[in-house]
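Take a look at the structure set out below.
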Amino acid sequence: MMLYLNFHIKYDRRQIMVCHKLKLLNFDHSGTPHIMLGLVAPSPYDGDASIMASIPGTGHLYKCSYVDHSWQLIHLGQLSPDELTMLRLTIQGHSIERIAALMFKSADSIKFYRRQVFQKLNVKNITEAIAYATHYCLI
């Protein structure tokens, strides 16, 4: 399980949204988290402070409601194996043409996969898609 604590910090007279990600690595015999790994980084989440949790590989994110303290399911978007491969190869720095050759597809197919990823993740470009997919452990 991954916990996301999104909150604002003040830096040089402005507020920056950061995310404290906690990865639960081990539980004791009673189910209490025993070992956690933490990382603080800029948050791709654009909104108010929040607490979120995800189970990697499920494509689901749960957000805690401050009103009634319930957990609301947010769908992150399920990416196809080809879309995930395209993202991984893009992260490695390959061009669209090189990705097409490595995946035995046409460049137009790779561009189609990109558009599908943008739509599924509700992002505007490949940089946002990579940040989103990496942040929420989709890849």
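Bear in mind that the values in this text are calculations on the coordinates, not laboratory data. Predicted model only: the values in this text are computed from it and were never measured. Cβ coordinates were reconstructed from backbone atoms using ideal geometry, including for glycine residues, and neighbour counts include every protein chain displayed.
Helix-only arithmetic for the chain: the sum of -39500 (n - 2.57) across DSSP H runs with n ≥ 4, divided by the residue total, places the mean residue ellipticity at 222 nm at -9500 deg cm²/dmol. Going through (i) 49, 45, 26; (ii) 53, 31, 24; (iii) 55, 32, 28, the figure that equals Cα extents along the principal axes in Å as computed for the structure here is (i). If R0 equals 25 Å, the separation of the Cβ atoms of S65 and F118 corresponds to a calculated FRET efficiency of about 0.30.
Remark: region 62-67, residue by residue, has Karplus-estimated 3J(HN,Hα) of 10, 10, 7, 7, 6, 6 Hz, where x stands for each Gly or Pro and the curve is 6.51 cos²θ - 1.76 cosθ + 1.60 at θ = phi - 60°.
If you place +1 on the Cβ of every Lys and Arg, -1 on the Cβ of every Asp and Glu, and leave all else neutral, what size is the dipole of region 81-135 about its Cα centre, to the nearest 20 Debye?
With only Lys, Arg, Asp and Glu charged at Cβ, the dipole is about 60 debye.
Given R₀ = 30 Å, what would the calculated FRET efficiency be for E128 paired with M1, taking r from the Cβ atoms and rounding to 0.05? Computed FRET efficiency for E128 and M1 comes out at 0.75. Note on R14 and H75: the extension gain reaches 18.9 nm, defined as 0.36 nm multiplied by sequence separation minus the Cα-Cα distance. Spatial offset of region 4-46 relative to region 91-139 amounts to 26 Å, using the alpha carbon center of each.
Scalar couplings 3J(HN,Hα) for region 105-113, obtained by applying the Karplus form with A = 6.51, B = -1.76, C = 1.60 to θ = phi - 60°, are 10, 8, 4, 5, 5, 5, 5, 4, 4 Hz; x denotes Gly and Pro.
The charge dipole of region 1-115, taken about its Cα centre with unit charges on the Cβ of Lys, Arg, Asp and Glu (plus for the first two, minus for the last two), comes to roughly 320 debye.
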